[in-house]
Structures are given as C-alpha cells and as structure tokens.
Amino acid sequence: AQSVTQPDIHITVSEGASLELRCNYSYGATPYLFWYVQSPGQGLQLLLKYFSGDTLVQGIKGFEAEFKRSQSSFNLRKPSVHWSDAAEYFCAVGAANYGQNFVFGPGTRLSVLP
Amino acid sequence: DSGVTQTPKHLITATGQRVTLRCSPRSGDLSVYWYQQSLDQGLQFLIQYYNGEERAKGNILERFSAQQFPDLHSELNLSSLELGDSALYFCASGSGSGAGDQPQHFGDGTRLSIL
C-alpha cells in the first residue's frame, strides 16, 4: 500500500523568500502524485499533479514540483512566496484505477512573515 | 471554483442524532469520494461511488452509510452520532476511470459539530 510522509510539520518563511516543501512517498510502481493547498476553513485546491512524462511539473499560483524516482520524492517549490500562500499543504499519492488507495500526507503548515 | 458543491456548510447537532451530508460532483465527473478530516486523524478516506455503485470502502464506520443517486449527487448519512464524529467532511469528485480515478476536485466541506 502507498504511504506519504511530509517531514516538516510547520515551516515559516519571509515574504519574497523561496520555498521548498518536502514530500516522500512509498509505492511499488509508478505513482500518481499530487499537491493540494488548504486555506483555513476551506476545501482542498489542486495545485499540480504528476502522472507521467516530464518530471518537472508546473502548477497554479506559481508553484512547481519535481518528481525524483531515485529519491521517492515529489517536492513542491516556489521561487518567491506571497503572504497569501500561508496555508496547509498536502502531498498525496494515488494509483491507477484504485481511488481508495489515494493517500494523503499529514500536511505541512506554511506561515509567511511580512 | 472546483465545481463540487457540498451542503450544508455547517451542522451542529447532539450525540445520538442522525444527519445527512450532500454532495454534487463537478459536471462530467462520475466518481464521488468522501473524506473525514480531523486534527488527530488527518484526511481519512471513507468511501467511493462510481456512477451509482459503491467502488471502494475505506475507514468508514458501520454507523455511517452513503449512496450515489442517478443524477450522480451523493449523500453521506451519519447516525448515532458521537462526540468523536465532530470533523470536517469533504466530498471530492473525479472522472473515475484510469488515471482519472483520483479525487481531483474537492468541495469546501461540511463542518459537523457534535454537542
């Protein structure tokens, strides 16, 4: 079964600084990988996803993520953080035709200092 | 806007009661997924329906049940409510086939508070 770890529970960065949120997964085959963002009191919004092909994936709001099979990682990056990026970020891993095996990581809370 | 609609946004009720949460999937999506989000458990998969049929079951209690109707909207029924059922309940939708069998579009959730 799949599993996802997000090693950082809470990260604080200054506005304008670069950001990298870590995600490691465990899965025996090629996974489908996702990043979601959840603002307080809101639902989850899909930032980007990786199914196959180019390992560098561009998403919405200026985010990108890179799939590294050798490291079983799918880290999320943004070159310059805005105060509005403060939220909870979830990495998730899925598998073809198995919706029940879609597993979320525990989340990383991002705080942004002015 | 994800296109997934959940009602109501908030529910406050008492222990022992029964409630129904409703979800309308994004237009064109055939699959509906239900998740429970709590501080101690994180995001837990409850159940998935595809085109009216149950497809997968996760950590769903026997006191909980769900169904998907011909118009593809889904309802999650929670009965004999306990304090520990207080949580945010999310519905998500997806195409339901192949690589699309993933909960890609989430609603804003129903916050259930048990007093």
Task: Residues located in the stretch B:40-55, provided they are under 21 Å from B:LEU88 (Cβ atoms) and either facing chain A (nearest Cβ under 9 Å) or loosely packed, with under 15 Cβ neighbours inside 10 Å (or both) - done: B:ASP40, B:GLN41, B:GLY42, B:LEU43, B:GLN44, B:PHE45, B:ILE47, B:GLN48
Task: A:VAL93, sole failed condition from (1) surrounded by fewer than 20 Cβ atoms within 10 Å (Cβ to Cβ); (2) in contact with a Ser or Thr (Cβ under 9 Å, 6 or more places away or on another chain); (3) farther than 20 Å from A:THR12 by Cβ - done: (1)
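Yes/no matrix, rows are residues, columns are (1) under 29 Å from B:SER38 (Cβ atoms); (2) part of a loop (DSSP other than H, G, I, E, B):
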{"position": "A:GLU20", "(1), (2)": "yes, no"}
{"position": "A:TYR25", "(1), (2)": "yes, no"}
{"position": "A:LEU33", "(1), (2)": "yes, no"}
{"position": "A:TYR36", "(1), (2)": "yes, no"}
{"position": "A:PRO40", "(1), (2)": "yes, yes"}
{"position": "A:SER70", "(1), (2)": "no, no"}
{"position": "A:ARG77", "(1), (2)": "no, no"}
- [ ] Please work out if B:ARG26 is within 10 Å of chain A (Cβ to nearest Cβ), over 19 Å from A:GLY107 (Cβ atoms) and buried (at least 19 other Cβ atoms within 10 Å of the Cβ).
- [x] no
Open item on the list: Just to confirm my filter: which strands (runs of 3 or more DSSP E) fall fully inside the stretch B:59-115 and include at least 3 residues that are within 13 Å of chain A (Cβ to nearest Cβ), in contact (Cβ under 8 Å) with a residue 60 or more places away in the chain and over 18 Å from B:LEU39 (Cβ atoms)?
Closed with: B:87-94
TODO: Evaluate the following for B:SER74: is it among the hydroxyl-bearing types (Ser, Thr, Tyr) and surrounded by fewer than 21 Cβ atoms within 10 Å (Cβ to Cβ)?
DONE: no
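Checking the structure you have, find out if any residue of the stretch A:43-50 is within 14 Å of chain B (Cβ to nearest Cβ) and of a type in the set (Lys, Arg). Steps first, please.
Within the stretch A:43-50, the first condition is being within 14 Å of chain B (Cβ to nearest Cβ), and the residues that meet it are A:43-50.
With the extra rule that they be of a type in the set (Lys, Arg), the set shrinks to A:49.
Yes: one or more hits.
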- [ ] Being farther than 30 Å from B:ARG111 by Cα and touching an Asp or Glu at 6+ places or on another chain (Cβ under 8 Å) narrows it down to one of A:LEU56, A:LEU76, so name that one.
- [x] A:LEU56
Task: Identity of the residue in the stretch A:51-86, among the β-branched types (Val, Ile, Thr) and surrounded by fewer than 13 Cβ atoms within 10 Å (Cβ to Cβ), that ends up nearest to the other protein chains (Cβ to nearest Cβ) - done: A:ILE60
TODO: Name the one entry in B:LEU43, B:LEU11 that is at pLDDT 95 or above, outside any loop (DSSP other than H, G, I, E, B) and of a type outside the set (Ser, Thr, Tyr).
DONE: B:LEU11
TODO: Return only the number of the condition from (1) among the small types (Gly, Ala, Ser); (2) surrounded by fewer than 15 Cβ atoms within 10 Å (Cβ to Cβ); (3) within 12 Å of chain B (Cβ to nearest Cβ) that A:ALA17 does not satisfy.
DONE: (3)
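The values are calculated or read from the model by the stated rules, or taken from the named source; none is laboratory data. A quick note: this is a predicted structure, and the numbers were derived from the prediction, not measured. Here the Cβ is made from the backbone with ideal geometry for all residues, glycine too, and neighbour counts use every protein chain on show.
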